[in-house]
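Reviewing the structure listed below.
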Amino acid sequence: MTVDAPVLRVAIVGGGPGGLATAIALSKVPNIDVKLYEQASILREVGAGINIGANSWNVLGLLGVADSLTTGHPEWTVLNMNGHSGEELHRRERAPDPSLKRPTIRTQRTALQSALLAHVPPGTIQLSKKLARLVDVGDQGLEMHFKDNTTAPADLVIGADGIRSVVRDTAWPDYPLAFTGTTIWRTLLPLDAVQDLDPRFQITGWWHSPTTHVYFSPVGEGLWEIAARAYHEPATHSASKVSWGVPVANAHIREALRRVPSGGWREFAAFAGPELSRLTAWDNRVVLVGDASHALSGAFGSGAGFAMEDGWVLARALEHFRNDLGRALPLFDRVRVPYYSRMYAHLARQAAGRKARLEEMGGETSYDELVRNKIITDGGEDMSWIYMHDIGAVWADTLEELENTRKA
Ligand SMILES: Cc1cc2nc3c(=O)[nH]c(=O)nc-3n(C[C@H](O)[C@H](O)[C@H](O)COP(=O)(O)OP(=O)(O)OC[C@H]3O[C@@H](n4cnc5c(N)ncnc54)[C@H](O)[C@@H]3O)c2cc1C
């Protein structure tokens, strides 16, 4: 006779890509009662587009969601331009490959969200539940206190509440999240509204200034995305920015920005914080996934993929140890902490390299030289560990290691 594992009450806080993927993955693990609490009253993605590369497709496949994501612009070509002169500085080109079932695409964030939502079991999500506090009630487990003065119990709380996570602030009260100085404005508009300006607007492109960039891309269904950034020194930054004067002087870019209808922009302040040495806390009863677990501020343009991988691996670890938190959560840490650590190390090396090149250039550096220096990002380094990452294979290796350790 087998003894069933006890039913584990799991609460996910946040309904972004990380929370939704975690809910899908956990809903298939036996003896887990999963609930997702989201602060918004309607689950509606803000933002504009999102990249779905091989790493994200891999995890979407494992979640059973890939076939539900059917719209997007295939990114066969990606351009980097000088945002002032329009000079093309770098072109990454792959021949369209009709045999490739799932090329890298730029799609609407709402398309990813709808695809994920379609796989979350009905009754899992509770809206208008903004977590205010998390309390340890000893043998009774954890208690979530929401802004509407209601509470809910849980044995495990998963913080999928994004870069400004309340769960992380509760369990890691000294975590130093800081404004990076970068503000991002994003919008979608019909491609038809701008394609007369420059044929390159039909291709994914980065238009750079020395400190920032404007990003344009079709996202499928006749829509076109703009993500414009501006940098303000954080120490002197005022919260009430009225003018964001993107320092990219190209006339066609300015005209494209002007064509965005009034009220069309969404503004995002970018925050970042250091790596955590563990993503689990409170005696393995709290765990972070997605942006809450690694405040990298959109670096690598793959954060939704990382968030979904977190959710899938967490479910595998719980399933493997039959919901034994004391064994499953350390295993989750063992898989994910080194991965995030590698990302932080990569970004630190990249920043140091850029700084060293600037120092070599000396003080009298022109706009064009500064832009050229800026787009040398990875120095030819193989980035397949991010963009081709196969979380299913990582999990298979982990199981093999566990088995070898057991046999030893
Ligand atoms: C400019 C920019 C461009 C990007 N481009 C890409 C890209 O191309 N590809 C990609 O993969 N990633 C991209 N990213 C990163 C990606 O958006 C994030 O990594 C991803 O959304 C993280 O998912 P998440 O579920 O962890 O958090 P989020 O998407 O931030 O979701 C968090 C959810 O938690 C909810 N929440 C927050 N606080 C509470 C609370 N107290 N109580 C209840 N609910 C709460 C929020 O309402 C939200 O629904 C980009 C990021 C930026 C800033």
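Simple point charges give the picture: +1 on the Cβ of Lys and Arg, -1 on the Cβ of Asp and Glu, and for the chain a dipole about the Cα centre of about 460 debye. Return the FRET efficiency for the residue pair GLN126, GLU364: r is the Cβ-Cβ distance, R0 is 45 Å, and the value is rounded to the nearest 0.05. It comes to 0.15. Projecting the Cα atoms of ILE253, THR405, THR151 onto the charge dipole of the chain (Cβ charges, centred on the Cα centre) puts THR151 farthest toward the positive pole. Return one number: the angle in degrees, 0 to 90 and rounded to the nearest 10, between the long axis of the Cα atoms of helix 325-361 and the longest principal axis of the Cα atoms of the chain. With rounding to tens, the tilt is 20 degrees.
Given R₀ = 25 Å, FRET efficiency for TYR175-ALA396 by Cβ-Cβ distance, to 0.05? E(calc), rounded to 0.05, equals 0.15.
Of all DSSP-defined beta bridges confined to the chain, some 70% are antiparallel rather than parallel. Couplings 3J(HN,Hα) for segment 160-167, derived from phi with the Karplus relation 6.51 cos²θ - 1.76 cosθ + 1.60 (θ = phi - 60°), are 10, 9, x, 5, 9, 5, 6, 4 Hz, where x marks Gly and Pro. Does the chain come out rounded, prolate or oblate by the C-alpha gyration tensor, with a ≥ b ≥ c the root eigenvalues, rounded set by a/c under 1.5 and, if not, prolate when a/b is larger than b/c and oblate if not? Prolate is the answer for the chain, as a/c is 1.5 or above and a/b outweighs b/c.
Tell me the net charge near PHE201. Cut-off is 12 Å between Cβ atoms, PHE201 excluded, with +1 for each Lys or Arg and -1 for each Asp or Glu.
Net local charge, PHE201 excluded: -3.
To test your reading of the geometry: what angle, between 0 and 90 degrees and rounded to tens, separates the Cα axis of helix 391-407 from the longest principal axis of the chain? Taking Cα atoms only, the helix is inclined about 40 degrees.
Where only protein heavy atoms count, and the probe is 1.4 Å, what is the accessible area per residue for segment 60-152 in Å²? Let's see the in-between values first.
Numbers: 4860 Å² over 93 residues.
Ligands and nucleic acids excluded, the result is 52 Å² per residue.
Counting only heavy atoms of the protein chains and using a 1.4 Å probe, ARG254 has close to 120 Å² of accessible surface.
Kirkwood radius, segment 176-226, all distinct C-alpha pairs, inverse of mean reciprocal distance: 12.3 Å. Along the Cα-to-Cβ line of GLU87, 7 Å from the Cα, sits a label point; which residues in segment 349-367 have backbone N less than 18 Å from it? Taking a point 7 Å out along Cα→Cβ of GLU87, the residues of segment 349-367 whose backbone N falls under 18 Å are 358, 361-362, 364-367. Number of Lys-Lys pairs in the chain with C-alpha atoms under 15 Å apart and a separation of 8 or more places or on different chains: 5. Calculate I(q)/I(0) for segment 96-183 by the Debye formula, one identical point scatterer on each C-alpha and no solvent, and give its log10 at q = 0.18 Å⁻¹ to two decimals. Result of the Debye calculation: -1.01. Just so you know, the Cα atoms of segment 287-382 work out to an Rg and Dmax of 18.6, 63 Å.
Using the Cβ atoms and a cut-off under 10 Å, what net charge is assigned to the surroundings of ALA295, where Lys and Arg are +1 and Asp and Glu are -1? With Lys, Arg at +1 and Asp, Glu at -1, the net is 0. Which one, SER297, PRO121, ILE375, is farthest towards the positive end of the dipole of the chain when Lys and Arg carry +1 and Asp and Glu -1 on their Cβ? Checking the options against the dipole of the chain, the answer is PRO121. Model label points for ARG342 and VAL7, set 7 angstrom from Cα along the Cα-to-Cβ axis, are 4.0 nm apart. Using a probe radius of 1.4 angstrom, the carbon and sulfur fraction of the accessible surface of the chain is 53%. Of the GluC sites (Glu not before Pro) in segment 35-129, the ones in a loop by DSSP (not H, G, I, E or B) with at most 16 other beta carbons within 10 Å are GLU87. Counting only alpha carbon atoms, the long axis of helix 303-320 and the longest principal axis of the chain meet at about 20°. What does the net charge come to around GLU75 if you take all other residues with beta carbon closer than 13 Å to its beta carbon, with K and R at +1 and D and E at -1? Net charge in that neighbourhood comes out at +2.
The values are calculated or read from the model by the stated rules, or taken from the named source; none is laboratory data. For clarity, every value in this text was computed on a predicted model and none was experimentally measured. Backbone-built Cβ (ideal geometry, glycine too); neighbour counts: all protein chains shown. SASA here: full protein model, heavy atoms, side chains in, ligands and nucleic acids out. Shrake-Rupley method; radii C 1.70, N 1.55, O 1.52, S 1.80 Å.
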